[in-house]
Amino acid sequence: MRKSLLGALIAPALLASPAAFAFDPDTPVGEPKPAFPVTLDSDENSTIGLAFRTAFGLPKGAEATATREIDGRTYTFRPAAIHLLPNRVGVLLSLGSLDEAGHSEGGINAIHYLQGGPSGWQRKGEWLNLGAVGSVGNAATAWGFSDALGKNPFLVTSGGGVWQGCAISSATLTELAPDAPVDRGSFTGSMSSGAGLNQKEQSFDGQITAAVPDKSFTVTYTGTRAIKQQYALKNGKYELVGKDQIPGC
């Protein structure tokens, strides 16, 4: 898949992932990485078919794609990434694409919690409509996992689109709480204009560069000018502190 406009926005702030489970040799083992800046990747992991088949109830050896009808629309899912939590739990992100979608219609993200054990993965739960999605039927176009934003790990997803020569993307932080994932807030990941009629030429790309776990995080933008914006946790959601300095489309 083509990389999103977020490019280097927010990828795994993996500090170190637990060892892969012996029963699932395809599960990747993350290498230690710096906590900040958090950066995103858009390469779909092709080695996590075992987890994906368990999540969607597919037979052993089946192709790693699944269709699901949601609110009268048919989505096609494929695996994107997995993150290993303590207590032998894997968090699987899958991307649901919508065929014949309009420009403003997004896809859908699926998050599954999978319990690991000697006999393999067992599905614990499924959640849809979390995280950021793109346009024209695309689900998230970039994603990453971070252990540096709170006591629980976070999944960061991004997606966006182009409207009359102005491109913009949004990033969403989803807390991977033990009982269920929860969206905690979002921010502008990137913005670029100038290709449309009478548009001002400008661009901004953001990265999470610092955080006080479970209290606040800072996004630093480069591009037309350097900008820093802080988001603080209030009533369970991260909200921008002060006025938004990044223009919209």
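Here, each number is a calculation from the coordinates, and none is a lab measurement. This structure is a prediction, so every number in the text was calculated from the model and none was measured. Glycine also receives a Cβ, built like all others from the backbone with ideal geometry; neighbour counts cover every protein chain displayed.
Before moving on, here are some points about what is shown:
- Comparing Leu95, Thr172, Phe52 along the charge dipole axis of the chain, the residue lying farthest to the positive side is Thr172, per the Cβ-charge model.
- In summary, the lysines within cross-link reach of Lys228, defined as a Cα separation below 20 angstrom excluding same-chain residues under 8 places away, comprise Lys215, Lys237, Lys243.
- Candidate cross-link partners of Lys60 among the lysines, defined by an alpha-carbon separation under 23 Å and a same-chain spacing of 8 or more, comprise Lys124.
- Computed [θ] at 222 nm, helices only, for the chain once each DSSP H run of length n ≥ 4 contributes -39500 (n - 2.57): -1000 deg cm²/dmol
- Extension gain, Ser46 back to Gln230 (0.36 nm per residue minus Cα-Cα distance, nm): 62.7 nm
- Sorted peptide list for 63-70, 162-169, criterion being average Cβ within 10 angstrom, highest first: 162-169, 63-70
- Stretchable slack from Asp179 to Arg73, in nm (0.36 nm times residue separation minus alpha-carbon distance): 35.4 nm
- Ranked by the mean number of other Cβ atoms within 10 Å per residue, highest first, peptides 226-233, 135-142, 237-244 order as 135-142, 226-233, 237-244.
- Note on Ala101 and Thr220: their simple-model spin labels are 3.3 nm apart, each label 7 Å out from Cα toward Cβ.
- Set of aspartates and glutamates with alpha-carbon distance to Lys234 below 12 Å, sequence-local pairs under 8 removed: Asp214
- Label-point gap, in nm, between Gln122 and Lys237 - each point 7 angstrom along Cα→Cβ: 3.7
- The stretch 70-87 and the stretch 128-173: distance between their alpha carbon centers, rounded to Å: 14
- Each 5 Å bin from zero up to the one holding the largest Cα-Cα distance in the chain carries the following percent of pairs: 1, 6, 14, 18, 19, 17, 12, 8, 4, 2, 1, 0, 0.
- Residue order, fewest to most surrounding Cβ atoms within 10 angstrom, among Phe36, Phe204, Phe154: Phe36, Phe204, Phe154
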